[in-house]
Amino acid sequence: MANANRPGGGWLNGALAQEEALCYRSSLSSTLKYRYYPLRFLGAVYSPSVLVFRESIDKGHELMDLEKPDLFPVVSVISVAAIQDPELDHQYDPPRYKSLRDREGMKLKMRLILRIAAYKKHRRLVLGALGCGAFGNPNAEVADCWAEVLREKEFQGWWDKIVFAILDDAKTIAQGNGNFDVFRDKLHGLTI
């Protein structure tokens, strides 16, 4: 989850997409240098040792307990930009990619994330709804793409645990097509 042109996306301007949420809560923004941008189509920034020091937006991004800094999570982050504003086919419910090229492009990006994680020897992953927010990718199809890629023979046996952390907004939840519900319905209990 990344903006291909701006380190941290719009986090300095108050944007609330997935990458921005990570920047608000952690030291991620300090690792995303302008010299890495723009990201190529299959480009990524690997940020090891990102310190999480704030609570979630639901808790007002409050600082975590400063009396116990040794309990602050330290994570690695792989920043990959999703396809932005792909053309969608709305004759389907839910909408799908109009172009197979966009769908396959997203799967290439997912494979890149998984390969970097494996190369860096990460066995537990927290993934997200790649591009299913400000970038306008169809959440049901992105969830299907994750399931397809994770089931590929190449990735079998690499992971101890994978969870999806999903940022959602009140508008999509009210419409019944929130990312959380879609990803839970498509991926919960998936065995790879």
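Bear in mind these aren't lab numbers, they're just calculated from the coordinates by the rules spelled out. All of these numbers come straight from a predicted model, not from anything done at the bench. Cβ coordinates were reconstructed from backbone atoms using ideal geometry, including for glycine residues, and neighbour counts include every protein chain displayed.
Could you give the dipole magnitude of the chain about its Cα centre, charging the beta-carbon of Lys and Arg +1 and that of Asp and Glu -1, in debye to the nearest 20?
Working: 26 positive and 24 negative charges, 180 e Å.
About 860 debye.
For region 43-48, take each phi angle, set θ = phi - 60°, evaluate the Karplus expression 6.51 cos²θ - 1.76 cosθ + 1.60, and give the result in whole Hz per residue in order, putting x for glycine and proline.
x, 8, 10, 9, 10, x
Measuring from label point to label point, each 7 Å out along Cα→Cβ, what is the residue 181 to residue 118 span in nm?
Label-label distance for residue 181 and residue 118, simple model: 3.5 nm.
Using per-residue counts of other Cβ atoms within 10 Å, averaged over each peptide, order 154-166, 129-141 from highest down.
Highest mean packing first, the order is 129-141, 154-166.
Show the residues, 5+ positions off or on another chain, whose built amide H is closer than 5 Å to the amide H of residue 162.
Correct list: 125.
In terms of the Cα gyration tensor, with a ≥ b ≥ c the square roots of its eigenvalues, is region 105-150 rounded because a/c is under 1.5, prolate because a/b exceeds b/c, or oblate? It would help to have the intermediate numbers written out before the result.
Working: a/c = 2.14, a/b = 1.94, b/c = 1.10.
Prolate, because a/c is 1.5 or more and a/b exceeds b/c.
Between residue 52 and residue 173, what is the label-point separation in nm under the 7 Å Cα-to-beta-carbon projection?
1.9 nm
Using only the Cα atoms of the chain, what are the Rg and Dmax in Å?
Considering the chain through its Cα atoms, Rg and Dmax are 16.5, 55 Å.
So, by mean Cβ neighbours within 10 angstrom, what's the order for 121-128, 55-62, 2-9 with the highest one leading?
Taking the mean over residues of other Cβ atoms within 10 Å, the ranking is 2-9, 121-128, 55-62.
Sketch the reach of a paramagnetic label on residue 190 as a point 7 Å from Cα along Cα-to-Cβ, and name the residues of region 98-112 whose backbone nitrogen lies under 17 Å away.
103-112
Taking only DSSP H segments of four or more residues, each worth -39500 (n - 2.57), what value at 222 nm results for the chain once the sum is divided by all its residues, to the nearest 500 deg cm²/dmol? Working shown, then result.
Details: 5 runs with 54 residues, N = 192.
Calculated from helices alone, the mean residue ellipticity at 222 nm is -8500 deg cm²/dmol.
Could you please state, rounded to a whole Å, how far the C-alpha centre of region 134-158 is from the C-alpha centre of region 70-132?
Using only Cα atoms, the two centres lie 7 Å from each other.
Hey, what do the phi angles of region 144-160 turn into as Karplus ³J(HN,Hα) couplings, whole Hz, using 6.51/-1.76/1.60 and θ = phi - 60°, x for Gly and Pro?
Residue by residue, region 144-160 yields 4, 4, 4, 4, 4, 5, 5, 7, 4, 3, 3, 9, 5, x, 7, 10, 7 Hz.
In sequence order, what are the phi-derived ³J(HN,Hα) couplings for region 69-86 according to the Karplus relation 6.51 cos²θ - 1.76 cosθ + 1.60 with θ = phi - 60°, rounded to whole Hz, with x for glycine and proline?
Ordered by residue, 3J(HN,Hα) equals x, 5, 8, 5, x, 10, 10, 9, 10, 10, 9, 10, 7, 6, 5, 9, 6, x Hz.
Please give me the summed charge of the neighbours of residue 94: other residues whose Cβ is under 13 Å from its Cβ, Lys and Arg +1, Asp and Glu -1. Could the numbers behind the result be given before it?
Values: positive: 96, 186; negative: 89, 93, 141, 144, 181, 185.
Counting the neighbours of residue 94, the net charge comes to -4.
Projected area of region 85-191, taken from the Cα convex hull and averaged over every viewing direction, in nm²? Each step should come with its number before you reach the end.
Working: hull surface 27.2 nm².
Dividing the Cα hull surface by four gives the mean projection, 6.8 nm².
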